[in-house]
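Peer 1: Attaching a single structure in structure tokens format; questions to follow.
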Amino acid sequence: MTKHIFVTGGVVSSLGKGLTSASIGLLLERRGIRVRLQKLDPYLNVDPGTMNPYQHGEVYVLDDGTETDLDLGHYERFCNAPMTRDCNYTTGRIYQEILRKERAGEYLGQTVQVIPHVTDEIKRAIDKLVAPDVDVIITEIGGTVGDIESLPFLEAIRQYRLDKGPEHVLYIHLTLLPYLRASGELKTKPTQQSVGKLREIGIQPDVLICRCEVEPTEEMCRKISLFCNVPRDGVLVEKDVDHSIYEVPLVLRDQQLDATICQKLRFPEGRADLSDWEAIVRTVIHPQHEVEIAIAGKYIGLHDAYKSIYESLAHAGIRNHAHVKFRKIEAEQIEDEGAERLLAGVHGILVPGGFGKRGVEGKIAAARFAREQRIPYFGLCFGMQIAVIETARNLAGLERANSSEVDPQTPHPVISLLDAQKKKVDLGGTMRLGSQPCSLKPGRALEAYAAPLIHERHRHRYEFNPAYKARLEAAGLVVTGEHESEHLAEIVERRDHPWFLAVQYHPEFKSKPTRPHPLFDQFIAASLRLRLERGGGAARIATAR
Ligand code: GLN
């Protein structure tokens with residue numbers, strides 16, 4: 001029978017529930033337990049696909065094309081559990097289904113209400129992942145206990161334990177122990193109140209994970225245990241990590257979280273083998289090299305907007321024994337100050353995905369700078385379209401070439417909407433989305449993947465315009481990857497450059513610390529080589545791959 005772990009959060013948002021859930025998933029998987037992970041988001045958008053990065057951070061895309069919350073990125077980076085559309089529900093999606101049923105007459109004339117109809121629909125969403133080959137489902141509830149909009153979710157998970165029996169359901173609550181600098185002490189009251197709020201709803205947490213800046217004393221932990229009615233071994237401390245989020249699972253393992261969970265859910269005894277994970281953390285703490293990578297984007301002030309990209313760069317850094325230092329640059333600023341001023345000295349330049357006009361000319365200037373200065377360039381999605389526009393304008397003589405997204409009047413729409421996308425009018429879910437097959441021709445991409453057919457995730461509307469392929473290839477930008485059957489250009493490379501490669505898809509969604517993405521790996525290796533040529537830390541870099 002499939003068991004359940006529900007993860008809730010209290011006191012404040014942004015406590016790292018996603019990371020904690022992913023860490024729990026990792027610890028259990030490493031004990032041989034078959035895990036699934038799921039996020040329930042209380043907001044009303046049907047999915048985060050149409051939400052602005054300022055509101056919501058990165059939109060993470062799954063193989064099946066679902067546009068999801070970025071916490072699913074943490075789940076996939078830490079765990080091997082398959083992720084599908086059933087792994088992320090929002091209130092909007094729950095209501096969409098209820099309203100569909102109501103219009104179809106499926107409620108047979110009943111009054112449709114939050115309890116039981118909304119709560120039943122939420123329970124159905126959780127049940128979707130129940131299967132004979134699933135031992136435990138970790139369901140994270142977005143938002144904070146006490147929010148009006150999370151109430152139906154909390155009510156549904158309360159009922160869940162009643163339905164399934166206490167030995168099948170475990171509640172984990174994440175809270176904050178704020179540190180008051182003035183008095184130099186940690187405070188437990190907000191945690192007590194948050195647990196009080198949960199207990200009012202009928203949920204008694206089995207495990208409390210206390211986030212904090214400084215370590216609480218044993219006496220404090222006992223106090224929290226007593227006041228929150230949680231046994232002492234269920235009170236854990238998750239102090240801010242010093243170096244990397246990849247330390248979190250080790251911190252929780254050291255406090256026997258996986259053993260406590262297994263005991264409470266009656267899983268067989270065992271031990272999580274984390275030796276490779278420990279090695280990763282050691283490399284993060286003691287890297288042999290450092291490279292500096294510029295990321296020229298549009299939401300640079302927001303770490304979460306490019307979450308998976310920063311993580312993928314870090315993974316490739318680990319593989320190359322290098323700390324990757326980020327130089328985050330607002331593309332618009334390049335337009336004002338020039339590429340030379342902002343980009344000089346970096347060892348690699350990455351232009352991420354994006355939508356709309358703002359900052360486009362700055363990104364084009366960044367691609368040009370990388371090409372002319374022979375600095376490794378990695379373009380992701382919009383970053384590939386940018387590379388195409390740059391070559392078109394500056395090497396193929398196609399004046400004012402552009403993407404028709406940016407300039408609908410351009411005389412040379414080297415990036416344009418193809419017919420299949422033109423017919424779509426809604427904004428939600430109408431892009432080329434999800435995993436698509438791509439055949440590789442000889443080139444760096446083929447070298448990196450070491451396989452002729454790959455699958456990568458997409459999220460875009462516009463495409464490389466095949467009418468310009470011959471002229472762009474003549475200008476040195478060669479198509480080395482094409483959609484297996486539809487012949488859309490998916491990868492372009494320059495052969496006259498140390499490493500200039502851009503892809504129409506999002507490789508950042510498939511990188512894990514234990515399995516860095518081959519293209520990120522190559523990009524960082526090329527950046528390290530540039531650093532070596534320039535003489536920075538040459539002696540140490542001699543040992544790099
Ligand atoms: N705006 C571009 C398009 O829609 C690129 C999208 C992206 O970078 N994700 O095709």
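No lab work stands behind these numbers, since they all come straight from the coordinates. Just so it is clear, the model here is predicted, and its values are computed rather than measured. For neighbour counting, all protein chains shown are included, and Cβ atoms are generated from backbone atoms with ideal geometry for every residue, glycine included.
Peer 1: Work out, step by step, the length gained on full extension between residue 341 and residue 269: first 0.36 nm times the residue separation, then minus their alpha carbon distance; give nm to one decimal.
Peer 2: Additional length available on full extension: 20.1 nm.
Peer 1: Using alpha carbons only, how many angstrom separate the centre of the stretch 180-255 from the centre of the stretch 317-380?
Peer 2: Here the answer is 41 Å between Cα centres.
Peer 1: Right, something else. Within 15 Å, Cβ to Cβ, of residue 214, how many net charges do the neighbouring residues add up to if Lys/Arg are +1 and Asp/Glu are -1?
Peer 2: Net charge around residue 214: -4.
Peer 1: For the chain, what proportion of DSSP beta bridges, expressed in % and rounded to the nearest 5, is antiparallel?
Peer 2: That works out to approximately 35 percent antiparallel.
Peer 1: What FRET efficiency do you get for residue 232 and residue 113 if R0 is 51 Å and r is their Cβ-Cβ distance, rounded to the nearest 0.05?
Peer 2: Given R0 = 51 Å and the Cβ-Cβ separation, E is 0.80.
Peer 1: Applying 1/(1 + (r/R0)^6) with R0 = 22 Å to the Cβ-Cβ distance of residue 199 and residue 12, what FRET efficiency is obtained, to the nearest 0.05?
Peer 2: Efficiency, rounded to the nearest 0.05: 0.70.
Peer 1: Using the Cα atoms of the chain to build a convex hull, what is its mean projected area in square nanometres?
Peer 2: In nm², the orientation-averaged hull projection of the chain is 27.6.
Peer 1: Would you mind ranking 342, 433, 313 so that the residue whose beta carbon has the fewest other beta carbons within 10 Å leads the list?
Peer 2: By the 10 Å Cβ count, ascending: 433, 342, 313.
Peer 1: Taking the Cα-to-Cβ direction at residue 495 and at residue 251 and moving 7 Å from each Cα, how far apart do the two end points lie in nm?
Peer 2: 5.0
Peer 1: So, one more: For residue 356, what charge total do you get from the other residues with a beta carbon under 14 Å from its beta carbon, if Lys and Arg give +1 and Asp and Glu give -1?
Peer 2: Summing Lys and Arg as +1 and Asp and Glu as -1 gives +1.
Peer 1: Just subtract the alpha-carbon distance of residue 303 and residue 1 from 0.36 nm times their residue separation and send over the number in nm, one decimal.
Peer 2: Full extension of this stretch gives 104.8 nm more.
Peer 1: Modelling each spin label as a point 7 Å along the Cα-to-Cβ direction, I'd like the residue 50/residue 276 distance in nm, to one decimal.
Peer 2: 4.1
Peer 1: Something else about it: Ordered by packing density, taken as the mean number of other Cβ atoms within 10 Å over each peptide's residues, highest first, how do 174-187, 5-18 rank?
Peer 2: Put in order of decreasing packing, that is 5-18, 174-187.
Peer 1: Grab the DSSP H runs of the chain that are 4 residues or longer, score each as -39,500 (n - 2.57), total them, divide by all residues and round the 222 nm result to the nearest 500 deg cm²/dmol.
Peer 2: The per-residue figure over the chain is -10500 deg cm²/dmol.
Peer 1: If the chain between residue 134 and residue 292 were fully stretched, how many nm would it gain, using 0.36 nm times the residue separation less the Cα-Cα distance?
Peer 2: Additional length available on full extension: 52.7 nm.
Peer 1: While we're looking at this one, here's another question. Set the Förster distance to 30 Å, then compute FRET efficiency between residue 34 and residue 97 from the Cβ-Cβ distance, nearest 0.05.
Peer 2: 0.65
Peer 1: Working from Cα positions, state the angle (0 to 90°, nearest 10) between the long axis of helix 275-285 and the longest principal axis of the chain.
Peer 2: Roughly 60 degrees, rounded to the nearest 10.
Peer 1: How far apart, in nm, are the 7 Å Cα→Cβ label points at residue 453 and residue 242?
Peer 2: Going from the residue 453 label point to the residue 242 one covers 4.9 nm.
Peer 1: Follow-up question, since we're still on this one. Could you check what % of the DSSP bridge pairs in the stretch 351-457 are antiparallel, to the nearest 5?
Peer 2: Of the beta bridges lying entirely in the stretch 351-457, close to 60 percent run antiparallel.
Peer 1: If a paramagnetic tag sat 7 Å from the Cα of residue 533 along the Cα-Cβ line, which residues of the stretch 375-403 would have the backbone N under 17 Å from that point?
Peer 2: 375-378, by backbone N distance to the label point.
Peer 1: Let me ask something else about it. Under 5 Å between amide H atoms, partner at least 5 residues away or on a different chain: which partners does residue 414 have, H built in plane at 1.01 Å?
Peer 2: Sorted by chain and number, the residues that satisfy this are 402.
Peer 1: Could you compute the net charge surrounding residue 160? Neighbours are other residues with a C-beta less than 12 Å from the C-beta of residue 160; K and R count +1, D and E count -1.
Peer 2: +2
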